[in-house]
Amino acid sequence: AGGGVGSHLCQMARLQGASYVAGVGKDPQRLMEKPLCCDYAIDYTKADPLAVKEWVEDPFDVIVDLSGGVWPALVKQRSTHQSIVKPASKRGRYLTTSPDTPTFELHSVWAGMKLFLFPALWRAIYTRCGVAGNLPTYSWVMGLPGSSNIVTRTLTLASENKLVPSIDTQGPFPFTTEGVRDAFRLQASRHVKGKVVITVSKE
């Protein structure tokens, strides 16, 4: 939850009226402080997010997986009938922006379809057909709506200081060869705290 997308998602969830927001990251204290303001957060290197007792006893309505790999773990938990997210029959939802593995190589359109299209399509279908057991409804969020309303609304929230930009403190990076390389190294580390920004011009 502490990366570029997650840092802003936590704020948007609160603005949309979420009653309880939990985050998972390497710096849980940051996730509970302003502007993210999660109600609770855990360090995934020290505890398994899918085994938190409080979350199993009172499952979430929605899980947003921004790192990938959570869905296979949820599938493995089917036989235990214990999950931190409600099943599809109780309107539980699983949203993701990435495949099961965070890094991959593609050398053909067919390889891309096998990675991005087929698994997501199959999961979306069978979790909506009443045969998914205790699994939530699966959705892969791949883009913005056709309307520009959501962009306008986001910019309005930012101008009103209701949505606070979250930028990694190691940046902004200069628009030089080494500066751009440093920015990409930070992004590749998968331990970014906010957005990675490169300053192209100060004018």
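Points to keep in mind about this one:
- Annotation note: Cβ proximity below 7 Å between a residue of region 180-203 that is farther than 17 Å from THR103 by Cβ and a residue that is of a type in the set (Ser, Thr, Tyr) and surrounded by 11 or more Cβ atoms within 10 Å (Cβ to Cβ) (sequence gap 6+ or interchain) occurs for GLY194/SER7; GLY194/SER166; LYS195/SER166.
- For region 18-49, the set of residues classified as under 15 Å from the mean Cα position of the chain (by Cα) and in contact (Cβ under 8 Å) with a residue 24 or more places away in the chain consists of ALA22, VAL24, GLY25, LYS26, LEU31, LEU36, CYS38, ALA41, PRO49, listed by residue number.
- For THR103, the conditions (1) open to solvent by less than 90 Å² (accessible area, probe 1.4 Å); (2) under 22 Å from ALA188 (Cα atoms) are fulfilled apart from (1).
- Condition check for TYR126: without any contact (Cβ under 8 Å) to a residue 12 or more places away in the chain, out of contact with any Cys (no Cβ under 9 Å at 6 or more places or on another chain) and open to solvent by less than 40 Å² (accessible area, probe 1.4 Å): yes
- No other residue among THR177, THR137, THR169 is open to solvent by 80 Å² or more (accessible area, probe 1.4 Å), in contact with a Lys or Arg (Cβ under 9 Å, 6 or more places away or on another chain) and of a type outside the set (A, V, I, L, M) apart from THR169.
- Those helices (runs of 4 or more DSSP H) of region 1-85 in which 1 or more residues are open to solvent by less than 70 Å² (accessible area, probe 1.4 Å) and aromatic (Phe, Trp, Tyr) occupy 53-57, 70-76.
- Region 79-106 residues that are closer than 18 Å to VAL52 by Cα, paired with ones that are open to solvent by 70 Å² or more (accessible area, probe 1.4 Å) and modelled with pLDDT of 90 or more (beta carbon under 7 Å, 6 or more apart): LYS86/ASP61; GLY92/ASP61
- Residue in region 101-117 that is modelled with pLDDT of 90 or more and closer than 29 Å to ASP58 by Cβ present: no
The values are calculated or read from the model by the stated rules, or taken from the named source; none is laboratory data. Keep in mind that this is a model prediction, so the values were computed, not measured. Here Cβ is always computed from backbone atoms with ideal geometry, including for glycine, and neighbour counts include all displayed protein chains. Protein only, heavy atoms only, side chains kept; ligands, DNA and RNA dropped before computing areas. Shrake-Rupley method; radii C 1.70, N 1.55, O 1.52, S 1.80 Å.
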